[in-house]
Amino acid sequence: GAGVSQTPSNKVTEKGKYVELRCDPISGHTALYWYRQSLGQGPEFLIYFQGTGAADDSGLPNDRFFAVRPEGSVSTLKIQRTERGDSAVYLCASSSSALAGNTGELFFGEGSRLTVL
Amino acid sequence: AQSVTQLDSQVPVFEEAPVELRCNYSSSVSVYLFWYVQYPNQGLQLLLKYLSGSTLVESINGFEAEFNKSQTSFHLRKPSVHISDTAEYFCAAVFSGGYNKLIFGAGTRLAVHP
């Protein structure tokens with residue numbers, strides 16, 4: 001597609017449920033990032049993929065959060081046993097290379113808004 | 001801890017007036033600095049960046065930012081704003097040792113009034 005696509009755009013779930021958020025990056029982009037944006041805050045780094053592997057997952061808050069990118073394109077962020085504090089907008093971004101990403105050339109999706117009741 | 005601070009959460013301004021959005025970062029041996037903009041119902045977009053060289057960098061739509069190492073600042077300025085500049089602006093940094101990890105400020109909402 002033309003840009004980074006994220007689905008669903010909105011997700012409402014109940015505390016304790018499992019959630020998957022999908023990111024479809026720009027075709028050919030090797031680097032993919034997940035960020036989380038809570039209300040009134042800037043985006044917070046979660047994880048960075050280069051190809052299929054997670055090059056840096058230091059931002060994942062705990063072991064309830066997990067992300068995969070099995071074929072080096074689409075990525076899924078998985079959240080187990082959701083808590084109310086997980087409510088946020090989850091942003092995905094991609095860049096054409098690691099170098100491009102390190103110099104700010106990220107293309108962001110519009111985000112998936114997660115609400116945990 | 002490495003951080004980026006945007007002191008102003010909201011900046012109201014009249015059309016054609018000048019504006020400055022402030023950004024400070026925690027001191028670092030090496031840092032790349034960025035401003036991103038988010039228009040309503042759109043994703044974040046890179047506005048401008050400082051990597052090295054000239055400390056004054058410009059965007060295609062008239063914004064500029066100056067890297068000031070002594071004051072650890074990277075303020076964003078525009079001499080005359082338009083209604084279409086209404087958006088949320090985020091300052092961000094990549095610090096040495098944080099390869100490919102953008103650290104964002106909390107954002108400043110610029111509201112341009114006619």
Within segment A:1-23, the count of residues that are free of Cβ contacts under 8 Å to residues at least 60 places away in the same chain and more than 18 Å from A:Phe65 (Cβ to Cβ) comes to 2
Considering segment A:90-105, residues that are at the interface with chain B (Cβ under 7 Å from one of its Cβ atoms) and among the polar types (S, T, N, Q), and then whichever is nearest to A:Glu20 (Cα to Cα), we arrive at A:Asn102
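Open to solvent by less than 80 Å² (accessible area, probe 1.4 Å) and more than 12 Å from chain B (Cβ to nearest Cβ), is that true of A:Asp24? First the steps, then the outcome.
Values: open to solvent by less than 80 Å² (accessible area, probe 1.4 Å): yes; more than 12 Å from chain B (Cβ to nearest Cβ): yes.
Here the answer is yes, as A:Asp24 does meet what is asked.
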Please work out which residue is farthest from A:Ala55 (Cα to Cα), limiting yourself to segment B:48-98 and to residues that are aromatic (Phe, Trp, Tyr) and out of contact with any Gly (no Cβ under 9 Å at 6 or more places or on another chain).
-> B:Phe63
Tally the residues that are open to solvent by less than 10 Å² (accessible area, probe 1.4 Å) and more than 8 Å from chain A (Cβ to nearest Cβ), restricting the search to segment B:99-111.
-> 2
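Filter segment B:60-93 down to the residues that are open to solvent by less than 10 Å² (accessible area, probe 1.4 Å) and of a type outside the set (Asp, Glu) and list them by number. Let's see the steps before the verdict.
Residues of segment B:60-93 open to solvent by less than 10 Å² (accessible area, probe 1.4 Å): B:63, B:65, B:73-74, B:76, B:81, B:85, B:87, B:89-93.
B:Phe63, B:Ala65, B:Ser73, B:Phe74, B:Leu76, B:Val81, B:Ala87, B:Tyr89, B:Phe90, B:Cys91, B:Ala92, B:Ala93 - these are the residues of segment B:60-93 that are open to solvent by less than 10 Å² (accessible area, probe 1.4 Å) and of a type outside the set (Asp, Glu).
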Check A:Ser112, A:Ser95 and return the single one that is open to solvent by less than 20 Å² (accessible area, probe 1.4 Å), of a type in the set (Ser, Thr, Tyr) and in contact with a His (Cβ under 9 Å, 6 or more places away or on another chain).
-> A:Ser95
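The values are calculated or read from the model by the stated rules, or taken from the named source; none is laboratory data. Source: prediction; values computed, not measured. Note that each Cβ is placed from the backbone with ideal geometry, even for glycine, and that neighbours are counted across all protein chains shown. When the accessible area is computed, the model is the full protein with side chains, heavy atoms only, and any ligands, DNA or RNA have been set aside. Shrake-Rupley method; radii C 1.70, N 1.55, O 1.52, S 1.80 Å.
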